[in-house]
Amino acid sequence: MKTVPSGIEGLNDILNGGFLKPSVVLVAGPAGSGKTTFVMQSLFNAVVNNDEIGLFMPTISEPVAMVNNFMSQYSFYDISVFEKKRLFFSDLSEVTGTDWRDIIKEIRAVMEKISPSWVVIDPLTVLGYGLSDMEHRQFLNELFATIKGWNAMVLVTGEFTRERLMESPYSYMVDGIIFLGTNRDACPGSRYMEVMKLRGKPTISGQHFFRIEPAGIRTYPRVLPIREMAMTSAKRTRVATGVHGYDEMLGGGYLSGSTNLIAGSAGTGKTMFGLSFIAAGVKKGEKGLIVVFEESPAKTARDAEGLGIPMAKWVEEGMVNILYYPAGDSHPEEVAWGIKNAVEDEKDGKEPKRLFFDSLSGFSNMVENERRLNTYLSNMDAYLSGRGVTSVFTANLQNVKGDFALGALRNAVVMDSATILRYVEVESSVNRFLAVLMMKGSDHQKEIRQYAFEKGSIHVMEKFHGLEGLLSGSARQSTGDRFAKVLREALPKSQRHLLGLDK
């Protein structure tokens with residue numbers, strides 16, 4: 001037996017290289033799930049790219065011209081394979097409903113005439129209509145033995161629900177089962193593919209998102225951390241953020257390979273912190289990766305230019321890669337797979353070592369619930385850490401001032417550090433401050449500092465003195481300062497110096 005490519009983009013990663021040949025794989029699912037597109041894409045790509053001899057056997061009376069018209073909408077369709085006699089049609093609809101032994105004879109005759117190496121029967125289930133359970137088993141056993149005896153890769157389709165599939169004899173008589181379905185609870189149009197069975201090969205378990213595009217089916221395998229990489233010792237080196245005072249608060253910068261959260265309401269400068277982080281890396285020769293959801297790459301580059309960061313130039317030079325996933329038209333697995341491909345892109349022998357993810361608020365709109373979101377983030381954190389990538393994630397706080405909702409920081413549990421950016425009212429003026437709330441594996445400054453934007457850069461200043469209630473957004477004098485003020489006003493001016501209150 002040998003491993004052969006599936007012909008479905010992304011599926012080979014799930015199948016650990018592809019299908020085992022010879023074998024019989026059932027592509028199952030409800031009506032409209034993409035079964036015929038799947039098997040035809042696999043068939044055409046096997047014939048065109050791998051020099052296989054293909055045989056397509058429809059079992060429902062449908063003109064060949066109609067099938068060709070449907071399939072010709074996809075870029076994998078190549079009419080020349082018929083002219084070159086590399087792909088053949090054999091209509092089984094005429095023997096459907098006859099004795100199962102006659103069906104086997106017809107298939108044997110076609111196999112002997114063509115000697116195909118890649119066979120599709122679509123759908124196989126109709127050939128078993130009217131058979132008793134015992135006859136059905138005999139038919140399937142004889143059919144699969146006949147086809148595999150020609151050393152062929154066989155793909156068959158069947159209309160099943162998950163529950164009915166597991167009760168069917170197909171579930172244990174075929175070598176592999178790939179189920180296509182739709183997740184109604186996830187983002188709109190969320191199709192998924194699951195390898196429920198594949199003899200002789202390890203696969204990536206679970207449901208994998210896929211799209212049906214002009215090129216055919218495109219699968220996005222679940223991105224899981226590589227255990228060997230995730231188990232390696234974390235480095236104690238520091239990664240500068242590009243903001244001097246902020247680095248000081250962090251004890252010298254982020255820990256290498258860490259995942260870091262910056263949360264704040266609109267206008268507090270979350271994106272500026274993230275872009276400064278990427279810029280600091282590029283200036284040291286480190287590649288950066290930016291993932292955006294609300295803003296387009298062009299707008300992101302424009303905003304960076306306003307900070308004096310030549311983002312467009314860096315993108316053109318290959319030092320920065322910007323990935324854009326509109327929340328209404330993207331899937332979390334698509335995002336994760338895009339990040340994986342970009343991180344493992346070793347152009348010029350360098351992988352990106354810094355990632356800026358802007359923002360979790362946009363990403364969370366794609367995910368059906370909080371549990372799934374934390375699973376995605378936990379897997380992403382372990383994967384990025386294993387690749388030695390230091391990352392910054394932003395999150396939006398809804399309220400401008402007042403008690404901030406700790407719920408907005410709920411994702412900090414899967415982060416290595418969390419920093420909050422806030423507006424605060426001081427003597428009828430609006431100021432900004434930041435505080436490092438937590439940092440795993442390292443000490444950090446606990447003080448609250450003011451920061452400001454000047455000439456396209458971020459300036460972190462000294463901590464606030466004599467004020468409390470900053471995290472609530474409405475600062476007030478601390479209790480000690482209020483008492484000193486009252487005492488100062490109560491004492492005669494000549495006596496204030498005795499208590500050091502003459503200033």
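Taken together, the values in this text are just the output of simple stated rules run on the coordinates, not laboratory data. Predicted, not measured: the structure shown is a model, and the values here were computed from it. Here Cβ is always computed from backbone atoms with ideal geometry, including for glycine, and neighbour counts include all displayed protein chains.
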Under 5 Å, built H, 5+ apart or other chain: amide partners of residue 437: 418, 419, 420
Burial ordering of 13, 303, 358, fewest other beta-carbon atoms within 10 Å first: 303, 13, 358
Loop-located GluC sites (Glu not before Pro) in segment 289-392 whose Cβ has at most 15 other Cβ within 10 Å (DSSP): 344, 346, 368
For residue 182, which sequence-distant residues (separation of 5 or more, or a different chain) have an amide H within less than 5 Å of its own amide H, given hydrogens modelled in the peptide plane? 192
Given the pairs 2/201; 85/105; 35/105; 284/353; 35/113, which span a C-alpha to C-alpha distance of over 18 angstrom in this model? 85/105; 35/105; 35/113
Which pairs in the list 340/455; 287/340; 347/455; 313/455 are over 25 Å apart, alpha-carbon to alpha-carbon? 340/455; 347/455
Note, ³J(HN,Hα) from phi for segment 277-282, Karplus 6.51, -1.76, 1.60, rounded to Hz, x at Gly and Pro: 4, 5, 4, 4, x, 4
Please name whichever of 110, 3, 154 sits farthest to the positive end of the charge dipole of segment 2-220, dipole taken about the Cα centre and charges placed at Cβ: Lys and Arg +1, Asp and Glu -1. 3
